[in-house]
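Please read the structure below before turning to the comments.
The values are calculated or read from the model by the stated rules, or taken from the named source; none is laboratory data. Predicted, not measured: the structure shown is a model, and the values here were computed from it. Neighbour counts are summed over all protein chains in view; Cβ atoms, including those assigned to glycine, are modelled from backbone coordinates with ideal geometry. Surface accessibility is based on the protein's heavy atoms, side chains included, excluding ligands, DNA and RNA. Shrake-Rupley method; radii C 1.70, N 1.55, O 1.52, S 1.80 Å.
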Amino acid sequence: HVQLVESGGGFVQPGGSLRLSCVASGSIYRINSMGWYRQAPGKQREWVARITSAGSTNYQDSVLGRFTNSRDGTGNTVYLQMNSVNTENTAVYYCHGNIIPKTAYWTVQYWGQGTQVTVSS
């Protein structure tokens, strides 16, 4: 069983910063990539950022240069540093992992429970 648990959401003023964390735990054989999605009110869930096992990162154009997806030395914890936020960044942010569990020989997608980020003055 694999779990992703996010933390770090909350309220932030426009122009401010916030850091989200996500810890992957459980019966993990290998983490291929981890990243972040978000869902704003009334909108579909959208991809935000991803970091691969090799450390390569990709970002949605709207957050490029403002958000940074990083990980710790174990690779089991990833972070989303959000700088210069604006009201359009208000959403529930979900951690996402492409992970091979010890109980399978293929990659399985896992999701965290989501953490609310609200940007408001």
Within the group Gly75, Gly97, which residue is at pLDDT below 95 and under 14 Å from the mean Cα position of the chain (by Cα)?
-> Gly75
Since Ser84 meets every condition but one in (1) touching a residue at least 40 places away in the same chain (Cβ under 8 Å); (2) exposed (fewer than 13 other Cβ atoms within 10 Å of the Cβ); (3) not in a strand (DSSP E or B), which condition does it not meet?
-> (2)
From the option list Thr90, Thr77, single residue qualifying as surrounded by 14 or more Cβ atoms within 10 Å (Cβ to Cβ), under 25 Å from Ser121 (Cα atoms) and among the hydroxyl-bearing types (Ser, Thr, Tyr) is Thr90
Of the residues in the range 52-74 that are open to solvent by 10 Å² or more (accessible area, probe 1.4 Å) and in a strand (DSSP E or B), the one that is nearest to Lys102 (Cα to Cα) is Thr52
Taking only pairs six or more apart or across chains, which ones have beta-carbon atoms under 7 Å, a first residue in the range 104-118 that is under 14 Å from Ile28 (Cα atoms) and modelled with pLDDT of 95 or more, and a second residue that is among the polar types (S, T, N, Q) and surrounded by fewer than 17 Cβ atoms within 10 Å (Cβ to Cβ)?
-> Thr107/Asn32
Select, from Val48, Val5, the only residue that is open to solvent by 40 Å² or more (accessible area, probe 1.4 Å), closer than 30 Å to Ala104 by Cα and hydrophobic (A, V, I, L, M, F, W, C).
-> Val5
Starting from the range 32-51, keep only residues that are part of a strand (DSSP E or B), then list their pairs with residues that are at pLDDT below 95 whose Cβ atoms are within a distance under 7 Å, requiring at least 6 positions of separation or different chains.
-> Asn32/Ser53; Ser33/Ser53
Would you confirm whether any residue within the range 21-30 is under 14 Å from the mean Cα position of the chain (by Cα), over 16 Å from Ile100 (Cα atoms), part of a strand (DSSP E or B) and in contact (Cβ under 8 Å) with a residue 60 or more places away in the chain?
-> yes
